[in-house]
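Before any comments, here is the structure.
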Protein chains: 4
Amino acid sequence: MSGLLLPRGYKKEDTEKRKKWIEDKTGFHLNETSSDNPEDLRGIIENHVGFIHLPMAVTGPLLIDGSFAQGEYYVPLSTLEGTLTISMTRGLFLTHLSGGIKTRHIKQEMSRSPIFIFNDIDRCKPFLEWVTSNFEKIKCEAESTTKHGKLLRIDKYPSQNSVILDFVFSTGEAAGQNMVTIATHKACDYIKNNYSCEKGFKYYIESNFNGDKNPAYKSLLLGRCHYVVGSALVKGEYLERVLHVSAKEYVEGWTQCTRGSQEAGIYGMNMHVANALTAIYLATGQDVASVVENAGGIISYEVRNSNDLYATITMPSITVGTVGGGTRLKQARKNLELLGCTGENSSKKLAEIVCACALALELSLGGAIITDEFATAHAKYGRK
Amino acid sequence: MSGLLLPRGYKKEDTEKRKKWIEDKTGFHLNETSSDNPEDLRGIIENHVGFIHLPMAVTGPLLIDGSFAQGEYYVPLSTLEGTLTISMTRGLFLTHLSGGIKTRHIKQEMSRSPIFIFNDIDRCKPFLEWVTSNFEKIKCEAESTTKHGKLLRIDKYPSQNSVILDFVFSTGEAAGQNMVTIATHKACDYIKNNYSCEKGFKYYIESNFNGDKNPAYKSLLLGRCHYVVGSALVKGEYLERVLHVSAKEYVEGWTQCTRGSQEAGIYGMNMHVANALTAIYLATGQDVASVVENAGGIISYEVRNSNDLYATITMPSITVGTVGGGTRLKQARKNLELLGCTGENSSKKLAEIVCACALALELSLGGAIITDEFATAHAKYGRK
Amino acid sequence: MSGLLLPRGYKKEDTEKRKKWIEDKTGFHLNETSSDNPEDLRGIIENHVGFIHLPMAVTGPLLIDGSFAQGEYYVPLSTLEGTLTISMTRGLFLTHLSGGIKTRHIKQEMSRSPIFIFNDIDRCKPFLEWVTSNFEKIKCEAESTTKHGKLLRIDKYPSQNSVILDFVFSTGEAAGQNMVTIATHKACDYIKNNYSCEKGFKYYIESNFNGDKNPAYKSLLLGRCHYVVGSALVKGEYLERVLHVSAKEYVEGWTQCTRGSQEAGIYGMNMHVANALTAIYLATGQDVASVVENAGGIISYEVRNSNDLYATITMPSITVGTVGGGTRLKQARKNLELLGCTGENSSKKLAEIVCACALALELSLGGAIITDEFATAHAKYGRK
Amino acid sequence: MSGLLLPRGYKKEDTEKRKKWIEDKTGFHLNETSSDNPEDLRGIIENHVGFIHLPMAVTGPLLIDGSFAQGEYYVPLSTLEGTLTISMTRGLFLTHLSGGIKTRHIKQEMSRSPIFIFNDIDRCKPFLEWVTSNFEKIKCEAESTTKHGKLLRIDKYPSQNSVILDFVFSTGEAAGQNMVTIATHKACDYIKNNYSCEKGFKYYIESNFNGDKNPAYKSLLLGRCHYVVGSALVKGEYLERVLHVSAKEYVEGWTQCTRGSQEAGIYGMNMHVANALTAIYLATGQDVASVVENAGGIISYEVRNSNDLYATITMPSITVGTVGGGTRLKQARKNLELLGCTGENSSKKLAEIVCACALALELSLGGAIITDEFATAHAKYGRK
């Protein structure tokens, strides 16, 4: 059985032992290196054996007028989808000519949602009342585990003979999934130990209700992590020059080329917001699996001033941070610095940049489909 | 305006020009390197300036009895989420002890779904009849653009005064998004030029109906790319030893700790399948934005033989390939070789490995939540 | 315990016994009568004690150019929502002035979807192959239970260690839920008794997959019962006169006043199609609980010819019939005759009338909201 | 054109004129009568011409221990689906033997959700602040239109360059859709006239966000009208005797026979809750089109005490009232009296009865499917 067990540990020699172990088992020699030290990977990955090198590009300049992001930004991307970078660059160019993209940061909330299970449905009400009365103590427990997390409130959802408590935190510059797990766990322990009205109730730290790594209507409705709204007023003249389309054609075309969303049962209303998010997340050390919970942005277009195109986007969930997790990696950190996303409010700034770039990519992509340049562009940029 | 335009090109000197350009604009010097040549990145990325280095781990051995994947596999992962690798390793260990994971590959289909718009709803029927009668010619046109893609059928969805045609292809070892775009475009051009019964109809190559980079109930129902089913019969004794839980506790616990899925409006039924997919996709050169369309797997558990746990998973959409796109990168290729995923049926094999690893990770994660080790594990492995 | 049991039976004296029984228990005397005989209620209701009288209205004339419905129709409605009838009448008047509503009947399919459960995931494939090879025999069994039902095909959905078979029937003039249950049950018995490759597999006649009495994306995508598309080209002049709005204002307004659909996670895209369906279903003896599965129609609007409004509707699921069930009731039958919905293709005709009336109601309602007459109208017509 | 216009009015002679008009146009004579006077139908229906007579049954006794409903109830139903009444009676009998059904009323909230549209995304924030500061005045305006409605809060959802305000009311004994429309309209007028920071913004009274007559994840999550939870502990002995199934078989069977819900993309988790709701709504004068928004209840089962079945149901949306609308009709009123649903808290009581009956029907239906009696029962009770 021990033949099944990979050697553990975060030291350089542990990594070497694992590489040797794999080589013994499979004959494969793994040798990609990086400037990041194995020791620095604690908290990010276990069983480390090497590195993946993904190509990085830069797009921009993004011109943005946001609640936190202001000015011009050169945005690092990492992607394996040919055409993506050049398309986003086109969208950013188009919006830059037209005066840039405006974003507003609405809120930042991260939650963990344990479930408490009782023997009988009538045990839920007294429990909820107790939680309400003891909020300050619960908050104190939760916040004892973190310097930056603040418990904003506990939302309560009765369900069958159980109650889901949605612990909603502000998490500072961190995306905060880990922070809220640990804080909520402490709070739940307190509840478990102090709610004396009831014997034998159980809780699980997770009820899948918070939408972590899942596409959830709840996140679309109530938000998860950063909730950002964006817009761009694209001048008709530049729309014609850059995308070869009029505002009227754009609005009509987009209506048609997203018609399938409703029939296919797609959550949100956009074409490929996921692409923009993935590329920026990879370049800035984000947990890219979160794109699953973030991809449901809603985009809409209208004609303004006869021939200008007014594009708006609502992204109720952008799960990014500028500290913790993969943001510690050297290139990620460098890229965050390139974006000026360090220090106070930097995660909000990053979320605004993500939102703006998503809008730019959609603008360009929509144009490509409407003018029938999409397949040609992919034949050109998506093949060797 | 020219100040806005990044230098283009795929040559080494083009990359250098861009790095210089960024340095001039921002003062930042980008210097991460890789063994991949900029010239080799054509078709994967534009505006190349450098590389992202993501840490890579190995997990396993996965013991699998699949339609295509057979035997033991050491699976490369790339992730920034601490605990993920060790948790998947635990799940693979558990299933290995119990005789491994069984998978069955159901089908592999990739589609592109253009929309054809008519002036009047009664123009749809003759059009659909014409498409049916001319299927062989349309197929011939579509397949003229690709060596490996085969047009299996055209599914027809009337909608308002338009019709969505879902061009369904088999795409060999490629995930095939690009292949079906180009092939469908050729087919649409043929239709446009030869359907003479009607003047002035329009088409767009994309209606958002195919669920590309979106979570779609259509994909859950009809599949997208690989459709794989998996199972594991975990012996009670190992379940206790490795996860510290009985089969009965597991089934009851899992029911509770996924209760929030329905209330939150989550598509599919799993905890964090997205995590497993993301980690393997990154390590094997897949387009990781596709995880958005793939994350809706359905998992279920039942008690068997008094105290064994029977776990099953249905993944109707796993968008992976073993040729094209990012699989050309050196480390990705090496990792595909490590998995034996080269040559005929290798993409099916890879999809089965992905499915099995997703099941293993879920098994372990479920255990951690049910036994309340989840927060502790994340405190241990998810922090620096 | 016998004190708990209501007297049974379909005779007049059984009804009287029950009325007496209720009177004894509660002191209540039930005395509403009807021209329908208790004996005629067999197959529709058990425990009969009396009648509900719902007010009936007539709207119209609907001018329609359908695949089956042609000409002018006076449509009976039964509703308790003040404003509904007058609003639908307004919509019908508006479309009549403009040349009427066009509908096209796309298909009519009703399914029942049993689930077959195996001990192991690899038992699914041979089972599916057997079902395919034995289709003709299975069809023969299924059709032996019905004069009008025809088994069109069996769609196959593998899921975990089970397989859902969607038995798709054409059901003639009946909505057909009952017909397909009985026919599918016979077919399943045949399968159970003749599929000898496997011992110990189980089946349940229902897997909830067919979307019976549930809102299902499957029904939106693949249809359930009648699938109908409709349109109206409303002349700008009449739009102004009847709805006091221009086509441009209408399109813009409608976009805004349905914006919440996406955020709220609403299936389909319409305002209150459910209202039109409910009113006609009640008046024509339909099972009004089916409105739940039918309410997801998709409506869209565009400006044509500068100031005309082109309205289109796709209703993939309209569960109506003209024989069987409540259509046997005297007033229902009379109302079906008023609509000319008897005899061959009458259920298709009825479905087209339903679709057209739904469009008319939406047109009028949209106008009321856009011009801010909605609340005023409800204050006027929705209060005593 | 006047030939298109039906005569209007609520008087007996108006009804007669319309009947004459229809007779002239179509040759049809409409002659069903009722004890309700045409004059009494004002606010319920326009264009009145007659009555629909639907058969009514009684089921029960329901034994219930609710927050408001206590004791035994004989429940009036109106349905056209054979088997429904007898099946619900079976479920009520089963739960009565086992000690009855417990329900808890969680909350009652009805909302209307207008959308306010601005020229620019940055106009949303000051607007929301103004709404918050002026809540008391807005509340005062809203409540000036109603004796029973109270504005509890205004939930705020920024979306694109607009804001959806969800006006959440308690509505006393009324379901309250009409009440909240008129109250919200008054409030919006106040906002429109007094929010002076901004010129040229628009609002629509409806954004489709409140889920009125639509299946909405929002309603599942946040509730709409009555939010009720219910449970029953069914003794194993009675389960065997009445449903011919053990608790273990029930739980396993139900898991399988609802498996299709996830794949089909069904909202909520139940079989046919819609049937129970429709039958009670019809019998008690409710707006039966609301079943569309109410059908997403979540049901679950577990084995307790070795062989008892613990059934729970969460119904976050039950749109019923005991005053206003169709509850004024004579038979509806009589049926409400039969249920003791008059006076204070009667709408909450009715909602609990609805929830309990839905659970009873599901219990019985589940049993029928699991024991394979479903098709046989429908062959017996669903045919003439």
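The values are calculated or read from the model by the stated rules, or taken from the named source; none is laboratory data. None of the values given here were measured: they were computed from a predicted structure. Note that each Cβ is placed from the backbone with ideal geometry, even for glycine, and that neighbours are counted across all protein chains shown. Heads up: the accessible areas ignore ligands, DNA and RNA and are worked out on the full protein's heavy atoms, side chains in. Shrake-Rupley method; radii C 1.70, N 1.55, O 1.52, S 1.80 Å.
Okay, here's what the table says:
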{"read-out": "Relative contact order computed over the range D:72-216 (Cα-Cα under 8 Å; 6+ residues apart), in percent", "value": "31 percent"}
{"read-out": "Sum of -39500 (n - 2.57) over DSSP H runs of 4+, divided by residues of chain B (222 nm, nearest 500)", "value": "-11500 deg cm²/dmol"}
{"read-out": "Pair B:LYS202, B:GLU373: separation of 7 Å Cα→Cβ label points (nm)", "value": "5.9 nm"}
{"read-out": "Size of the D/A contact, given as accessible area buried on both chains, probe 1.4 Å, in Å²", "value": "2400 Å²"}
{"read-out": "³J(HN,Hα) computed for each position of the range A:267-282 - Karplus, 6.51 cos²θ - 1.76 cosθ + 1.60, integer Hz, glycine/proline x", "value": "7, x, 8, 7, 8, 9, 3, 3, 5, 5, 4, 4, 5, 6, 4, 4"}
{"read-out": "Contact order relative to length of the range D:239-314, as percent, for alpha carbon pairs under 8 angstrom and 6 or more apart", "value": "32 percent"}
{"read-out": "Per-residue SASA entry for A:LYS12, accessible area with 1.4 Å probe, Å² rounded to 10", "value": "110 Å²"}
{"read-out": "B:THR342/B:GLU72 FRET efficiency (R0 25 Å; Cβ-Cβ; nearest 0.05)", "value": "0.90"}
{"read-out": "Along each principal axis, Cα extent of the range C:71-126, largest first, Å", "value": "62, 29, 15"}
{"read-out": "Chain D, relative contact order in percent, only Cα pairs under 8 angstrom and at least six apart counted", "value": "21 percent"}
{"read-out": "Label-point separation in nm, D:LYS192 to D:ARG153, each point 7 Å along Cα→Cβ", "value": "2.7 nm"}
{"read-out": "Dipole of chain B [Lys/Arg +1, Asp/Glu -1 at C-beta], most positive-end residue of B:ASN47, B:ASN31, B:LEU5", "value": "B:LEU5"}
{"read-out": "Inter-copy separations for A:LYS384, label at 7 Å along Cα-Cβ, nm, ascending", "value": "4.2, 7.1, 8.1"}
{"read-out": "Residues whose placed amide H lies under 5 Å from that of A:VAL228, excluding near-sequence neighbours", "value": "A:ILE106, A:MET315, A:SER317"}
{"read-out": "Tensor-based shape of the range C:161-235 (alpha-carbon gyration tensor, a/c under 1.5 rounded, otherwise prolate or oblate)", "value": "prolate"}
{"read-out": "Spread of Cα-to-Cα distances over 5 Å intervals beginning at zero, given as percent, for the range D:77-199", "value": "2, 10, 16, 16, 11, 9, 7, 7, 6, 6, 5, 3, 1, 0"}
{"read-out": "Residues along the range A:153-168 losing 30 Å² or more of accessible surface when the other protein chains are present rather than the chain by itself (probe 1.4 Å)", "value": "A:TYR157, A:PRO158, A:SER159, A:GLN160, A:ASN161"}
{"read-out": "Accessible area (Å², per residue) of the range A:111-270, counting only protein heavy atoms and a probe of 1.4 Å", "value": "31 Å²"}
{"read-out": "Partner chain coverage, peptide C:56-65 - average Cβ within 10 angstrom", "value": "5"}
{"read-out": "For B:VAL58, distant residues with modelled amide H under 5 Å away", "value": "A:VAL49, B:LEU77"}
{"read-out": "Interchain or long-range residues, amide H under 5 Å from B:SER111's placed H", "value": "B:PHE169, B:CYS225"}
{"read-out": "Global geometry of the protein assembly as shown, whether rounded, prolate or oblate, following the gyration tensor of its Cα atoms and the 1.5 cut on a/c", "value": "prolate"}
{"read-out": "Per the axis that maps chain A onto chain D, nearest residue of A (Cβ criterion) and its distance in Å", "value": "A:TYR217, 2"}
{"read-out": "Tilt relative to chain D, helix D:84-97 - C-alpha long axis, 0 to 90 degrees, to 10", "value": "70 degrees"}
{"read-out": "Shape of chain C, Cα gyration tensor, a/c cut at 1.5", "value": "oblate"}
{"read-out": "Heavy-atom accessible surface of the range B:28-177: percent carbon and sulfur, 1.4 Å", "value": "51 percent"}
{"read-out": "Solvent exposure ordering (accessible area, 1.4 Å, most first) of C:LYS380, B:LYS235", "value": "C:LYS380, B:LYS235"}
{"read-out": "Per-copy distances of the C:GLU198 label point, shortest first, in nm (7 angstrom along Cα→Cβ)", "value": "4.2, 4.2, 5.9"}
{"read-out": "Residue-level accessible surface for D:CYS197, protein heavy atoms, 1.4 Å, Å²", "value": "80 Å²"}
{"read-out": "Distance between the range C:130-205 and the range D:1-80 - C-alpha centres, whole angstrom", "value": "41 Å"}
{"read-out": "C:VAL234, C:VAL303, reordered so the largest accessible area comes first (probe 1.4 Å)", "value": "C:VAL303, C:VAL234"}
{"read-out": "Protein-only accessible surface order, largest first, of A:ARG241, B:ARG153 at 1.4 Å", "value": "A:ARG241, B:ARG153"}
{"read-out": "Choice from D:ILE280, D:ILE101, D:ILE191 with maximal GNM fluctuation in chain D (Cα, 10 Å cutoff)", "value": "D:ILE191"}
{"read-out": "Label spacing, shortest first and in nm, from C:GLU13 to its equivalents in the remaining copies (7 angstrom along Cα→Cβ)", "value": "5.0, 9.9, 10.9"}
{"read-out": "Nearest-20 debye value, the protein assembly as shown charge dipole, Cβ charges on Lys, Arg, Asp, Glu", "value": "0 debye"}
{"read-out": "Percent of beta bridges antiparallel (DSSP, the protein assembly as shown, rounded to nearest 5)", "value": "90 percent"}
